[in-house]
Amino acid sequence: MPGCEDVVVMSEGRISTITKPPGRRASDAGRSRLADLTRPIAREQRIAKRRRPAIVAALVALLVAAAIGAALFGLPVRTWFGQDDQIRQLDSELAELEAVNADLQDEVDRLLTDAGTAEAAREILDLVEPGEGRQTVVGLPDLPTDLPDGWPYGAVERIIALRAEAP
């Protein structure tokens, strides 16, 4: 045949010749994978007959994928940055507690000496050593601030208020 292409095939020691028609390709017969993806599909062969539901389904699937991505990546990153703030706050609290512990340890070290023990006994137990005298001084009681109305109590209330404001 003119314009035909002969293909030689060998199998089990035999040689065969197959004649292919001219200009015919595998994609024309529907055998090419690439042609199956690029060739339009007839409406009666489509799974979804109309495109709008398929587009809506694709958008919903995209939205679900975005939500899953946010849940798997976005929220943990935000939590991670929040934990950095908490770590800074806890570090400052730790520094304060260590300072308080150091002050308490200094006081314990001072009280473990003889002079510290004697001072604590004087303050807490009111210890008086032989040959010392003890005097108790009691502070003055607070003045009453609920004075009756009228003269001269108005002036006295103003004086009390001024003294209370003074440092």
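The values are calculated or read from the model by the stated rules, or taken from the named source; none is laboratory data. Just so it is clear, the model here is predicted, and its values are computed rather than measured. Every residue, glycine among them, receives a Cβ derived from its backbone with ideal geometry; neighbour counts consider all protein chains shown.
Some points to look at:
- Residue, farthest from the chain's Cα centre (by Cα), within region 104-124, restricted to residues that are charged (D, E, K, R) and surrounded by 10 or more Cβ atoms within 10 Å (Cβ to Cβ): Arg122
- Among the residues of region 125-159, just one is over 59 Å from the mean Cα position of the chain (by Cα), surrounded by 10 or more Cβ atoms within 10 Å (Cβ to Cβ) and part of a loop (DSSP other than H, G, I, E, B), namely Val128.
- Hits in region 137-155 - residues which are at pLDDT below 80 and within 30 Å of Asp126 (Cβ to Cβ): Asp142, Leu143
- Selection count where residues are among the small types (Gly, Ala, Ser), modelled with pLDDT under 75 and assigned to a loop (DSSP other than H, G, I, E, B), scope region 11-58: 6
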